[in-house]
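Structure first, then comments.
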Amino acid sequence: MNKPTADVSVRIAWSGDADAVARCQVRGWRDAYASVLPGDVLAELDPDEFAAKWRASLDKPVDARNRVLVALERSAVRGFAVTSPAADPDCDPIVDGEITEFVIDPDHRREGHGSRLLQACTDTLRADQFTRAVWWLPVQDDPLREFVTSTGWAADGAHRELDLAGDGQVRLKQVRLHTSLVESDNPVESDG
């Protein structure tokens, strides 16, 4: 007998998803940045404030190519990602897309949501006519970097350090990864 599978999917976020996206973001950030940000900063993250900002950006995106994708288990948001034109000065926003945010709820990692969401990000960026994607990852997040590089992304040599508080006290080092979005003319045949 086959084991039943969960009803999982990824879709473009709606304004009604703002509260769930905000809760996922706060939980994800508290987990991901626990070793980087002071505890009081993490404790002050307010899902209601985040939800208001998400609602506004989902209602009126700055650019038609700004997309928020949600990973769902049934109707529950388990993760989200944001894709947009790349903003780095050495990128061309016509051909370079970017994953600017990628969060999986800490209680729902290793359930396939990240893989589905990453595939949806690359499909979305490709559909928006980008030919290359970039993604800034925190240097200390080895599990995320290993996951992303296992799907074909690679470091492109760029790195940066963000001053998160504006006073030099809280700094986040990042490395930029990239991947081609151009589909191969000669796809490899699979046995499956």
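Every number in this text was worked out from the coordinates using simple rules, so none of it is lab data. If you're wondering where the values come from, they're calculated on a predicted model, not measured in any experiment. All Cβ positions, glycine included, derive from the backbone under ideal geometry; neighbour counts span all protein chains shown.
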Show me the GluC sites (Glu not before Pro) within the range 23-81 that DSSP assigns to loop and that have at most 11 other Cβ atoms within 10 Å of their Cβ.
Glu44
Rounded to whole Hz and in sequence order, give me ³J(HN,Hα) for the range 172-183 from the Karplus expression 6.51 cos²θ - 1.76 cosθ + 1.60, θ = phi - 60°, writing x for Gly and Pro.
10, 8, 9, 10, 9, 10, 8, 8, 7, 9, 7, 6
Residue by residue, what Karplus-based ³J(HN,Hα) values in Hz, rounded to whole numbers, does the range 34-48 have, using 6.51, -1.76 and 1.60 with θ = phi - 60° and x for Gly and Pro?
4, 8, 10, 9, x, x, 5, 5, 5, 5, 7, 4, 10, x, 5
Inter-label distance for Glu49 and Arg30, nm, one decimal - labels placed 7 Å from Cα along Cα-to-Cβ:
1.5 nm
Taking the chain and counting helices only, DSSP H stretches of n ≥ 4 at -39,500 (n - 2.57) each over all residues, the nearest-500 ellipticity at 222 nm comes to -9000 deg cm²/dmol
Loop-located chymotrypsin sites (Phe, Trp or Tyr not before Pro) in the range 1-101 whose Cβ has at most 14 other Cβ within 10 Å (DSSP):
Trp14
Residue range of the chain that is longest and free of trypsin sites (Lys or Arg not before Pro) which are both DSSP loop and sparsely packed (at most 14 other C-beta within 10 Å)
111-192
